[in-house]
Amino acid sequence: MTANQVALSYLVASVLFILSLKGLSHPLTARRGNLFGMIGMAIAILTTFAVTGRWEIALGALAVGGFIGYIVAKRVEMTQMPELVAAMHSLVGLAAVLIAIAVVQNPTAFGLEFPIPAGNRIELFIGTFVGAITFSGSVIAFGKLAGLGKYSRLFSSAPVVFKGQHLVNLVLALVMVGFGIMFFGADPADQWLPFGAMTAIAFVLGLLIIIPIGGADMPVVISMLNSYSGWAAAGIGFSLNNSMLIIAGSLVGSSGAILSYIMCHAMNRSFFSVILGGFGASEGAIAVSGEQKTVKSGSPDDVAFLLSNADTVIIVPGYGLAVGRAQHATKEMAAKLTAKGITVRYAIHPVAGRMPGHMNVLLAEAEVPYDQVFEMEDINSDFGTCDVAFVLGANDVVNPLAEVKGSAIYGMPILEAHKARTVIVNKRSMAAGYAGVDNPLFYMDRTMMVFGDAKKVVEDIVKAL
């Protein structure tokens, strides 16, 4: 292919990537967005094949990777999507590091001069340390999401903190930058020591940045790592002088950063503290109240009676729904209520579940009609006139303490389920949410608790209906 043909192919692929992001912004156009993305990636891959001229190696790698991806995709359930996304981020980060190592080893094979020019050294430094942080951070995030805390404390869903943690991170970051400066000015014969030290410290930093983050902050972590992986790819794209990699990486990086900002706003977090990894539950966070309180509990039959006599019902899905895989049973329950002339809607908090859009994906997998699903800002004002708010496995995102100054979650926007005429809450137990604070919603006079696995409880409700 000529240089003009390559540029045109990459331009077409880039436009398709942009259209893909646009399509993914709404459930109704998400399938079309995915299709645009797949076509764009196919064009980018075929163009890269033509540029390299090594079809046998490229096709072999594509076949192996495609087969592994197919097997993984067939086995992964919808509730495991968060950890799958974290795993994919780790691979992108590792790829950036491996490419950087190859470039340092043999720059002429990638069309660079020897010794490596100063500008390319800076690009390699940025791409390498961002990629290394993305890899190790994503591995920790995967372990936390997959529940591997029983094997190692590093993967605990609770924050892993130690005294002077932020100071250690700062010192390591400064040392890493110092080795990066040494790499920038090193002779070719001496460049491996600073480059290797910089990379190793970046791997450690990725681990230290993510371990203090608790399960409640995982949605922000996922979007943050998504952004990091994009910038790592873009940095390596500059080193390789590959415009497609630069554009695709920049799109992923910028969209991930925007999503991180939206998540931070939804959780009342500081965007810059998220970027630096300085968020999550800290030592001294408000703990669950030890005071004995009384709750009203009921059975699935009681819930069915309340729902049948309501005119409007708002369902608030949370992490408990995902764990119990209750989305299909919930859709069946909603269908029975709708058949009785009851208006049923779903209220989605931006950070419900363990990754951005987790609840949307689960409901879509159960083929819940899109016109029944509403984001927080679109439905919050309706709770005050709602007959029944049915909270399925959600906790912190409906906690009224977010409106109480001085609480650990003060200022976090919540779904105002506590304003409904009747509130039904399904949980396995009275355990606190990831934020570690009690929830006054459970003790309100108009609240009825229904304990048990979400799927079993909802199926019993369906039978009673």
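The values are calculated or read from the model by the stated rules, or taken from the named source; none is laboratory data. Source: prediction; values computed, not measured. So basically every Cβ, Gly included, is an ideal-geometry build from the backbone, and we count neighbours across all protein chains shown. Accessible surface is based on the protein model in full, side chains and every heavy atom, while ligands, DNA and RNA are left aside. Shrake-Rupley method; radii C 1.70, N 1.55, O 1.52, S 1.80 Å.
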Query - Modelled FRET efficiency - R0 56 Å, A61 with D445, Cβ distances, 0.05 increments - result: 0.35
Report task. May I ask you to give the solvent-accessible area per residue for the chain, in square angstrom, as obtained with a 1.4 angstrom probe? Result -> 47
Query raised in the report: Going by alpha carbons, how many degrees (0 to 90, nearest 10) lie between the helix axis of 192-210 and the longest principal axis of the chain?
Result: 0
Query raised in the report: Which percent of the accessible heavy-atom area of the chain goes to carbon and sulfur, probe 1.4 angstrom?
Result: 64
Report task. Once you have the Cα-Cα distance between N34 and A364, take 0.36 nm times their residue separation minus that, and quote the gain in nm to one decimal. Result -> 117.3 nm
Requested in this report: Distance check, please: which entries in K293/K427; K74/K456; K427/K455; K296/K405; K150/K455; K331/K455 exceed 22 angstrom between their Cα atoms?
Outcome: K74/K456; K296/K405; K150/K455
Report summary line: Spelling it out for M448: with amide H atoms placed in the peptide plane at 1.01 Å from N, the residues 5 or more places away or on another chain with amide H under 5 Å from its amide H are V423, I424, V425
**Report entry** Distance in nm between pseudo-label sites at A102 and S25 (7 Å out along the Cβ direction from Cα)
**Finding:** 3.5
Query raised in the report: So what are the ³J(HN,Hα) numbers for the stretch 390-395, from phi and the Karplus equation (6.51, -1.76, 1.60; θ = phi - 60°), rounded to whole Hz, Gly and Pro as x?
Result: 9, 8, 10, x, 9, 9
Query raised in the report: Given 0.36 nm per residue, what is the gain on full extension from F374 to K340 after removing their alpha carbon distance, in nm?
Result: 10.1 nm
**Report entry** Rounded to whole Hz, the Karplus (6.51, -1.76, 1.60) HN-Hα couplings of the stretch 103-115, x for glycine and proline
**Finding:** 5, 5, 5, 9, x, 5, 5, 10, x, 9, 6, 10, x
Query raised in the report: Roughly how many debye, to the nearest 20, is the charge dipole of the chain about its Cα centre, given +1 on each Lys and Arg Cβ, -1 on each Asp and Glu Cβ, and no other charges?
Result: 520
Query - Given 10 as the ceiling on other Cβ atoms within 10 Å, longest exposed-site-free region of the chain for GluC sites (Glu not before Pro) in DSSP loops - result: 114-282
Query raised in the report: So, in nm, how far is label I71 from label F49 when the simple model puts each one 7 Å beyond its Cα toward the Cβ?
Result: 2.3
Query raised in the report: If you line up the long axis of helix 327-339 against the longest principal axis of the chain, both from Cα atoms, how many degrees apart are they, to the nearest 10?
Result: 40
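Which length gain, in nm to one decimal place, applies between L154 and M1 when the Cα-Cα distance is subtracted from 0.36 nm times their residue separation?
Using 0.36 nm per residue and subtracting the Cα-Cα distance, I get 50.2 nm.
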Report summary line: By the Kirkwood definition, with r running over pairs of different Cα atoms, the chain has a hydrodynamic radius in Å of 24.1
